[in-house]
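Working notes, structure below.
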Amino acid sequence: MRKKLLLVAVMLTALWGKSFACGWDEGDWYYYNLFNQEIMSDERYRPFLLIYGSRYYTNDTLRNGNIEEWRQYLGLSYDETKYLVFKASRSDLQNLSKGKRAVDENLSFASADFMKNQKQALLYLAYAKYLEPYMRIIPGEDTDFYWDLPEYEHNAGDLDYEKVKTVLTKSWNAESDNELKLRYGYQLVRLAHYTRRYQEAVQLFEQYVEPLKMRTEMYYYALAQKAGALRGMGETQRANRDFIRVFANSYDLKTMAYTSLTMGWDNEINFADFVAGAADNNERNDIFFMMGYSDFNNPVNEIEKIVVTDPNAIQAKVLMVRAINMLERRMLLSYVPWGEGDDRSRYPYLGQDDTEGRAFFNQALRVSDMQRDKASDKNFWNLASSYLHFLNKDFELANNCLGNVKSTDADYMAMVKNLTAYIDICRQPKIDANTERYLYDNYANMIKGEESYSLNMADNSFIGMVLSNRYGLQGEKAKSFLMLRHVKAIEDNPEESLLDDIQSFLNKKKKTQLEEYIAATSTTEMANTNNYLAYVKGVLRLTEGDFKTAKGLFEKQTRLKMSRRLFGHNIEVYYSGDEKDIMRDDYIADFSFIHDNMTEVEVADALMQLDKIGKKEKGDESAKANYLIANFFYNVSRTGYYRQYLRFDNNNGFSYWKYGPDANVYKNTLDLSSAYLEKAKKSAEDRELKAHIVYAQAKNAQQVMEDHVDTWDQQMVIPHAQLNEFDQYAGTSYHQAVLSNCVYYRDYHN
């Protein structure tokens, strides 16, 4: 059973910022797969269930059709047969064919009677074991697209073709058992195909396989080799006709046949001709199925064609579970923004402008409801219709369909149990205190994830999403946020009103059990949430330049210890490397209250003292104080070396979410930096100090330019007007330092 792990630790909703999800961008991780696709039951079609992360759905349970035929022939168990065919060495197989014991103890099941009765089969297996390492087509231009296949040491060209063909032909002629004759015939066709003797492969099939009139799995193995040879000859139409026969009848080779078909599915192929030439309804249905499976097609269109002649066709069920999964990917996203405040936004839902999705949904529901009457397996179609009505929020109809599911199948009944809970939870018109008590009394284990109702282990996440959505629509932002997240997730977008709502909710005296659960799970390993929220607010106050309030809030809880170079500056725009090699500390030593390993309280206090000094009358001391404050606000801006300081990061590694040009969830401290530089410039008298200030203004201008460009560019680009002003300080040591270290400025002069 494939079990999906869904990523629900995502940053979402229009109520508090823009959506963001982490993980692999394959489409298999961003939605809730609540309808078990494997409920369609026929494992031969399981590889064709919907998944985007790989070409075919994982199918660990599929039994090998070739081994099943060997099992019946040899009279062994499935596992014994599989080991004998796939794992036994050639030398052990040869020993067994001579009535000798095998060295491998795993072959101890081969009794004396078995060795005697199955001598011819063992001789075949021993020779097949010899051939197997060479059974790869001779490489050529038409195999170059297999870029992801492993490189093999050997291929069929390494064999003595005529010698091997002679052995196989003599064995075929000598063998009286048609099942073994068929296997020798298969080896002949495969050898000719893989050595690119395409015409001969087709001839050998007609001579050594077709006359046996056996339509077993091995026959379709051989037919697939013949089809490959026809493809090699350029006879695409004949090849695809045979590949369709392989797909429709083989147990093992459906994915191979489909892959081979799609390689040649081009404008030269008339799909209608394939349908008209189908050998029977099953083959015809498989042709429709393959079209419905293709990415460019609507699977429900093909379901409608299939059920015309066979309402019970397995192909219709497979396409329906694919269609439902496609709808889940539209309607059950795990990072959906909402907040319009009306029932259209009640989760699950289709986007209001998704007219194509709505048409697809209505078609799937119509066909499923029609099949409830026409098909014999009413359980499957009632369950499908119930789920679709649930997605459509037609809860009464969903329950009616669900009540018609009468089955003892474990998978069916698990889905019934799941869906009963989903319907009951999602149909609640309002999540008030009474509803919270009802939900917790009936579904606490499901909400808490202690009991898995679903086969994909995602129920608690899905129910959390539903409740988060309902709380959001009701204006209960705190519960909406905390239903899916730890309180520290507020750091991803520290919005003031949400902080207040969270604090109010967590401090609420009388909570329902559901509210207690939300509060407890969202504050794990936190000593004091009030102190933590005060700390977050302190960060916000600091970004606004309110040093006094920030200091008071930080006194409740601190987090970091920072270097005094937080007030320093860098000449080049440089984002990595050792602080001491990048950040200069000019003028910092002039203020004894600035030191290393400062807590947030000490940083805020230092800013307060600098601000007090900066408000004095003109003079270099005032200018230096304002300059250092400006440095601080530049350094914590999105391109500053300490940009992580006010964004709750552990380091200054780039994150588009927080530092990209479109990252507007944090206040821009560059305006404050510019304001303090203007103050510093008006007060400064010393030319060296003025050079520092003017260059800092140039860097601010550079960042303002970058903020309007949708790129992350580490190259410094300063407006020429700023450079012209800085030129006035030629002859200062700082001007020389910039000229020596700033490549852009040096190039400007050259």
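Kindly check whether there is at least one residue in the stretch 56-66 that is open to solvent by 70 Å² or more (accessible area, probe 1.4 Å) and among the β-branched types (Val, Ile, Thr). Checked the stretch 56-66: no residue is open to solvent by 70 Å² or more (accessible area, probe 1.4 Å) and among the β-branched types (Val, Ile, Thr).
Which ones in the stretch 234-248 are within 12 Å of TYR198 (Cβ to Cβ) and either modelled with pLDDT of 95 or more or open to solvent by less than 10 Å² (accessible area, probe 1.4 Å) (or both)? Give the derivation first.
Initial filter on the stretch 234-248 (within 12 Å of TYR198 (Cβ to Cβ)): 234-235, 238-239.
Within the stretch 234-248, ALA239 is the sole residue that qualifies.
Listed by first and then second residue, the pairs linking a residue in the stretch 187-205 that is on the phi > 0 side of the Ramachandran plot to a residue that is open to solvent by 10 Å² or more (accessible area, probe 1.4 Å), with Cβ atoms under 6 Å apart and 6 or more places separating them unless they lie on different chains, are ARG196/ILE138.
Please return the ranges of helices (runs of 4 or more DSSP H) entirely within the stretch 532-617 where 2 or more residues are of a type in the set (Gly, Ala, Ser) and crowded, with 18+ Cβ neighbours inside 10 Å.
Numbers: elements: 547-554, 579-582, 600-614.
Per the criteria, 600-614.
Those helices (runs of 4 or more DSSP H) of the stretch 424-527 in which at least 3 residues are open to solvent by 10 Å² or more (accessible area, probe 1.4 Å) and farther than 26 Å from LEU391 by Cβ, considering only elements entirely within it, cover 433-448, 496-506, 513-521.
Residue count for the stretch 173-218 satisfying the condition of being aromatic (Phe, Trp, Tyr) and surrounded by fewer than 21 Cβ atoms within 10 Å (Cβ to Cβ): 1.
Does ALA625 fit the bill of being farther than 21 Å from VAL738 by Cα, open to solvent by 30 Å² or more (accessible area, probe 1.4 Å), part of a helix (DSSP H, G or I) and of a type in the set (A, V, I, L, M)? No; evaluated as a whole, the condition is false for this residue. Of all residues in the stretch 213-236, those satisfying the criterion of being charged (D, E, K, R) and part of a helix (DSSP H, G or I) are GLU217, LYS226, ARG231. Suppose the filter is surrounded by 11 or more Cβ atoms within 10 Å (Cβ to Cβ), part of a helix (DSSP H, G or I), at pLDDT below 95 and in contact with a helix residue (DSSP H, G or I) (Cβ under 7 Å, 6 or more places away or on another chain); does ARG44 pass it? Spelling it out, ARG44 is indeed surrounded by 11 or more Cβ atoms within 10 Å (Cβ to Cβ), part of a helix (DSSP H, G or I), at pLDDT below 95 and in contact with a helix residue (DSSP H, G or I) (Cβ under 7 Å, 6 or more places away or on another chain). Each residue in the stretch 352-369 was checked for being open to solvent by less than 50 Å² (accessible area, probe 1.4 Å) and either touching a Gly at 6+ places or on another chain (Cβ under 7 Å) or modelled with pLDDT of 90 or more (or both), and 9 of them qualify. Criterion applied to ILE613, ILE594 was being of a type in the set (Val, Ile, Thr) and touching a residue at least 24 places away in the same chain (Cβ under 8 Å), and the one residue passing it is ILE594. Cβ separations smaller than 9 Å between residues 6+ apart or across chains give the following pairs from the stretch 56-78 residues that are at positive phi to residues that are hydrophobic (A, V, I, L, M, F, W, C): GLY75/PHE114. Among the residues of the stretch 84-111, those that are surrounded by 15 or more Cβ atoms within 10 Å (Cβ to Cβ) and either within 30 Å of ILE39 (Cα to Cα) or among the hydrophobic types (A, V, I, L, M, F, W, C) (or both) comprise LEU84, VAL85, ALA88, LEU93, LEU96, ALA102, LEU107, ALA110. Set side by side, the residues LYS556, LYS612, LYS551 differ, and just one is out of contact with any His (no Cβ under 6 Å at 6 or more places or on another chain), among the basic types (Lys, Arg) and under 23 Å from LEU689 (Cα atoms), which is LYS612.
Can you pull out the residues in the stretch 277-295 that are hydrophobic (A, V, I, L, M, F, W, C) and in a helix (DSSP H, G or I)? Lay out the reasoning, then the answer.
Residues of the stretch 277-295 that are hydrophobic (A, V, I, L, M, F, W, C), as a first pass: 278-279, 287-291.
Selection gives ILE287, PHE288, PHE289, MET290, MET291.
The values are calculated or read from the model by the stated rules, or taken from the named source; none is laboratory data. None of these values were measured; they are calculated from a predicted model. With ideal geometry, Cβ positions are generated from the backbone for all residues, glycine too; neighbour counts draw on all protein chains shown. All accessible areas refer to the heavy atoms of the entire protein, side chains included, with ligands and DNA or RNA removed. Shrake-Rupley method; radii C 1.70, N 1.55, O 1.52, S 1.80 Å.
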